[in-house]
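Notes follow the structure.
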Amino acid sequence: MFQRVCLVHYHEIGLKGHNRASFEVRLLKNIEFILASYPVVTIKRISGRLCVFIKEGVDYGSACALADRITHIPGVARVSCGFKCPRELEAFYQAAGLALSEAAEARGGFESFKVSARRNHTDFAIDSLQMNQLVGAHLCNLFPDKAVRMKQPDITVSVEVVQSAAYVYARSLAGVGGLPVGSSGRVICLLSAGIDSPVALWRLAKRGAVCLAVHFSGRPQTSAASEHLVEDIARVFEASGCIARIYVVPFGDHQRQIAALVPPGLRVIMYRRLMMKVAEALAAREHAQALVTGESLGQVASQTLENLAVTDAAVSLPVFRPLIGTDKQEIIDEAQRIGTFAISSQDAPDCCTLFMPRSPETHAKLDQVIAAESLLPLDEWIPRLVEAAEPHDYACAAYRPH
């Protein structure tokens with residue numbers, strides 16, 4: 001009777017000024033790309049939100065599954081499943097009754113409801129308060145044993161009247177918020193198979209960055225197990241368009257050489273500085289504007305203020321650490337929410353544990369580090385490691401290779 005739709009609400013984009021339209025278009029293209037295999041007719045911008053028009057014949061369960069997929073896309077604050085209908089009271093009544101019945105069935109019943117109507121254009125004669133009263137009275141007649149409750153009802157039936165149509169819905173799902181991927185430039189994320197760095201990547205993707213990653217594998221000194229876990233993590237992010245490419249860099253032999261040439265206490269610092277230099281070279285290739293790590297202040301020996309400063313001094317690009325003030329439990333909780341924790345909890349040998357010293361330096365001095373680093377043929381190593389980097393591409397609507 002009415003066309004099924006998913007209304008995509010956003011919050012932060014709505015606060016933008018003259019460039020708001022570019023953010024809306026970017027979000028629309030991202031959703032369109034991710035829903036390519038779903039029964040969607042088209043997606044349009046309407047009155048401060050996006051409307052996904054669903055093909056005829058799609059049932060409520062399938063529409064809700066589609067809506068759930070949209071909620072994981074950065075930039076989406078909320079998704080509502082409902083109907084588009086004519087701007088007529090009788091149509092509002094029918095659509096509201098249908099929406100309430102489907103929402104009630106999905107949640108296993110209800111005891112209370114309310115109507116929230118809004119008129120966005122004054123060319124419609126009936127105002128918001130009147131619509132609330134009229135649609136609410138109709139639903140009371142349809143469901144005489146249910147209570148009307150204005151605060152914390154089991155179900156809220158929403159009616160939104162815009163310039164050319166009306167939208168009625170009774171089920172809304174919370175989205176992840178943030179900005180659409182592709183609205184904030186490119187970054188290179190140092191991505192391990194551990195718990196922290198995937199969360200750091202996710203936070204940058206939610207801020208609109210196109211995230212490319214570099215994974216330093218302990219291969220050939222270790223197995224490729226960490227690479228398989230990173231691939232699994234990437235597939236989690238790919239489902240919401242949050243990762244574009246991963247470079248896998250075989251790093252084990254260079255770690256072995258560093259371990260043989262520098263004082264044991266400085267090994268970890270040397271590993272990190274070389275990683276940053278290689279990541280910066282890959283960033284230049286990709287026209288990325290910053291590096292991202294999953295470091296948290298004081299969590300391990302390499303993450304003291306002194307050691308972080310010495311690591312940063314290896315590169316000229318900005319280094320973002322979105323987890324710097326976050327404790328381990330907070331990071332674990334977020335990893336569980338985004339779906340990477342179970343993957344990262346699996347044991348796999350990688351470069352992070354390779355040739356580790358018994359007592360790593362926690363307060364490194366830059367002059368001492370540079371003196372020790374002069375023993376390493378970095379001018380040969382860095383281009384060799386960059387050329388050895390193996391690219392793995394993922395579906396990301398906002399990424400175009402250079």
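A few notes on this one:
This table checks each residue for (1) touching a His at 6+ places or on another chain (Cβ under 8 Å); (2) modelled with pLDDT of 95 or more; (3) on the phi < 0 side of the Ramachandran plot; (4) among the acidic types (Asp, Glu).
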| position | (1), (2), (3), (4) |
| --- | --- |
| GLN257 | no, no, yes, no |
| ALA260 | no, no, yes, no |
| GLY265 | no, no, yes, no |
| GLY298 | no, no, no, no |
| SER302 | no, no, yes, no |
| GLU330 | no, yes, yes, yes |
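- Selection from region 356-383 of residues that are charged (D, E, K, R), in a loop (DSSP other than H, G, I, E, B) and either touching a Ser or Thr at 6+ places or on another chain (Cβ under 7 Å) or surrounded by 14 or more Cβ atoms within 10 Å (Cβ to Cβ) (or both): GLU361
- Hey, GLY178 within 19 Å of ALA213 (Cβ to Cβ) and surrounded by fewer than 20 Cβ atoms within 10 Å (Cβ to Cβ) or not: no
- Failed condition for VAL181, given (1) in the same structural domain as GLN289 (by TED's automatic domain parsing); (2) under 25 Å from ILE343 (Cα atoms); (3) out of contact with any Phe, Trp or Tyr (no Cβ under 6 Å at 6 or more places or on another chain): (1)
- Any hit, region 302-319, residues being hydrophobic (A, V, I, L, M, F, W, C) and in contact (Cβ under 8 Å) with a residue 60 or more places away in the chain: no
- Filtered residues of region 1-51 (kept if more than 20 Å from the chain's Cα centre (by Cα) and among the β-branched types (Val, Ile, Thr)): VAL5, VAL40, VAL41, THR42, ILE43, ILE46
- Restricting region 69-121 to residues that are β-branched (Val, Ile, Thr) and in a strand (DSSP E or B), the residue that is farthest from HIS138 (Cα to Cα) is VAL79.
- Residue in region 217-230 that is within 10 Å of the chain's Cα centre (by Cα) and either without any contact (Cβ under 8 Å) to a residue 24 or more places away in the chain or surrounded by fewer than 24 Cβ atoms within 10 Å (Cβ to Cβ) (or both) present: no
- Subset of region 335-355 (residues that are surrounded by 19 or more Cβ atoms within 10 Å (Cβ to Cβ) and either in a loop (DSSP other than H, G, I, E, B) or modelled with pLDDT of 80 or more (or both)): ALA335, ILE338, THR340, ILE343, SER344, ALA348, ASP350, LEU354
- For GLN130, the conditions (1) within 21 Å of SER164 (Cα to Cα); (2) crowded, with 17+ Cβ neighbours inside 10 Å; (3) free of Cβ contacts under 8 Å to residues at least 24 places away in the same chain; (4) not hydroxyl-bearing (Ser, Thr, Tyr) are fulfilled apart from (2).
- Meets criteria (closer than 23 Å to ALA335 by Cβ, of a type in the set (Gly, Ala, Ser), in contact with a strand residue (DSSP E or B) (Cβ under 9 Å, 6 or more places away or on another chain) and in the same structural domain as LEU385 (by TED's automatic domain parsing)) for ALA288: no
Here's the yes/no breakdown for (1) touching a Ser or Thr at 6+ places or on another chain (Cβ under 9 Å); (2) more than 21 Å from PRO360 (Cβ to Cβ); (3) in the same structural domain as GLU306 (by TED's automatic domain parsing):
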{"residue": "GLN255", "(1), (2), (3)": "no, no, yes"}
{"residue": "ARG272", "(1), (2), (3)": "yes, no, yes"}
{"residue": "MET276", "(1), (2), (3)": "yes, no, yes"}
{"residue": "ALA281", "(1), (2), (3)": "no, yes, yes"}
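- Enumeration of residues in region 38-78 that are of a type in the set (Gly, Ala, Ser) and either at pLDDT 95 or above or closer than 11 Å to VAL5 by Cα (or both): ALA63, ALA67, GLY75, ALA77
- With respect to (1) under 25 Å from the mean Cα position of the chain (by Cα); (2) over 28 Å from ALA209 (Cβ atoms), the lone exception for PRO74 is condition (2).
- Among the residues listed as VAL181, VAL168, the single one being in contact with a helix residue (DSSP H, G or I) (Cβ under 8 Å, 6 or more places away or on another chain), within 22 Å of TYR10 (Cβ to Cβ) and part of a loop (DSSP other than H, G, I, E, B): VAL181
- In region 137-151, of all residues being touching a residue at least 24 places away in the same chain (Cβ under 8 Å) and in a loop (DSSP other than H, G, I, E, B), the one that is nearest to GLY97 (Cα to Cα) corresponds to PHE143.
- Region 236-247: number of residues that are touching a Leu at 6+ places or on another chain (Cβ under 8 Å) and not in a helix (DSSP H, G or I): 6
- So ALA388, is it in contact with a Phe, Trp or Tyr (Cβ under 8 Å, 6 or more places away or on another chain) and modelled with pLDDT of 95 or more: no
The values are calculated or read from the model by the stated rules, or taken from the named source; none is laboratory data. Bear in mind the structure is a predicted one, so any value in this text is a computation, not a measurement. When we count neighbours, we look across all protein chains shown, and the Cβ atoms used for this are built from the backbone with ideal geometry, even at glycine.
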